[in-house]
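The values are calculated or read from the model by the stated rules, or taken from the named source; none is laboratory data. For clarity, every value in this text was computed on a predicted model and none was experimentally measured. Cβ: placed from backbone, ideal geometry, glycine included. Neighbour counts: every protein chain shown.
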Amino acid sequence: MRGGIFCLLLLIISLSSSGQAPHFSQFNALHAYNNPALVGDAKVPRLSMNFRNQWATLGTAFNTGIVGFDTYNQEKEIGWGAFAIHDQRGNALQSNMVATQLSKLAYINSNRQLRLIGGLQAAWVSNRWNDDYLTYVSDYMGLPDPLALKAITENRISFSMGSVLEYVPQSPEQASWWLGTTWQHIAVGTDKWMGQRFALQGGMKIPFDSPGFFGNRLGHDLDRETSVNMGIQIQKQATLYQLILGANLVYTPLIVGVWYRGLGVGNRRDAIIPTLGFISANVMFQVSYDIPVSSLGFNAGALELTLWYGFENLVSFRGNSRNVRNFLKF
């Protein structure tokens, strides 16, 4: 009984604080999940994985895992991919989703620096309450309870759409930026798990030269990715809003960043999120930890891991034009 009540309490808090749907602190490393227009944004075949463990110290962890693959057809300027997500909220509820995505890029100006991308997503969503960890009235009063006879299951098909406007200069020494908007799970009731959400996203990549005391800017130094990558996302689900913003310093092979989630001060604060990662030509690994600054206290922290594997080079090296690709938004 205590375990079931505790699961339900955590579930209620989760619904209030995270907008009902699974969310990730490393939103900048999970573009396709947040906006279907960004599927294939690496311009190479890529396998991606993320795992989030939340509130483990409270005794009943919330675990979310996502695995995806995306790629890009350079000739047709089309990106496509798919991902699967499993969300386990305590022992009482689990949610699964399998989605396929398609994006199309169009150039706005003649020099191809300004680009507009549209994306569509079709998904199958399944949510299931597990009655093994719930306590019913029938357990105490000997009365029949229809909910106690079987687990509650909901299955549905959902559709999402998104768009991205991005500026990618011809010179890799200049700053790049992007702006995106998303309507996820169109026309799905806001009371549903993974109900419809609206989001605005954006980011900027600012390259910088390697400092002289780190090298002579020749040879290997030219093969470094050296930049500051900033990002922001504002999303709304039902009456709930969430803001996350921050930046990563990239000096290959090192990634160091700090992010903030929350809407301001007082009871609208959520977490400070330090990030540490590694990136090589075709592998990116990132780890972050949510340090709560809300009234929930330090026990409500979350560990998150992200791994990318590119079947070709992911990083655009400024010293080798053969490897220059679309700028990554991590």
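Any residue that is in a strand (DSSP E or B), at pLDDT below 95 and surrounded by 14 or more Cβ atoms within 10 Å (Cβ to Cβ) - is there at least one of those in region 213-227?
The answer is yes; a qualifying residue exists.
What pairs come up if the first residue lies in region 226-248 and is among the basic types (Lys, Arg), the second is part of a strand (DSSP E or B), and their beta carbons are under 7 Å apart, counting only those six or more places apart or on different chains?
236/197; 236/198
Which is crowded, with 17+ Cβ neighbours inside 10 Å, charged (D, E, K, R) and at pLDDT below 85, of 192, 205?
192
Please specify each residue of region 41-62 satisfying the condition of being on the phi < 0 side of the Ramachandran plot, at pLDDT below 80 and crowded, with 17+ Cβ neighbours inside 10 Å.
Residues satisfying the conditions are 58, 60, 61.
Do you know which of the residues in region 162-185 that are assigned to a loop (DSSP other than H, G, I, E, B) and touching a strand residue (DSSP E or B) at 6+ places or on another chain (Cβ under 8 Å) is farthest from residue 107 (Cα to Cα)?
Out of the qualifying residues, it is 185.
Residue-wise test of (1) more than 18 Å from residue 68 (Cα to Cα); (2) surrounded by 18 or more Cβ atoms within 10 Å (Cβ to Cβ); (3) at pLDDT below 65.
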{"position": "259", "(1), (2), (3)": "yes, yes, no"}
{"position": "272", "(1), (2), (3)": "yes, no, no"}
{"position": "278", "(1), (2), (3)": "yes, no, no"}
{"position": "286", "(1), (2), (3)": "no, yes, no"}
{"position": "297", "(1), (2), (3)": "yes, no, yes"}
{"position": "312", "(1), (2), (3)": "no, no, no"}
{"position": "318", "(1), (2), (3)": "yes, yes, yes"}
{"position": "329", "(1), (2), (3)": "no, yes, no"}
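I'd like to know if region 96-108 contains one or more residues that are at pLDDT 80 or above, assigned to a helix (DSSP H, G or I) and crowded, with 21+ Cβ neighbours inside 10 Å.
no
Of the residues 37, 32, 21, which is under 24 Å from residue 283 (Cα atoms), modelled with pLDDT under 90 and not in a strand (DSSP E or B)?
32
Residues that are among the polar types (S, T, N, Q) and at pLDDT 90 or above: does region 82-90 have at least one?
no
Can you pull out every residue in region 251-276 that is in a strand (DSSP E or B), under 22 Å from residue 46 (Cβ atoms) and without any contact (Cβ under 8 Å) to a residue 40 or more places away in the chain?
254, 257, 276
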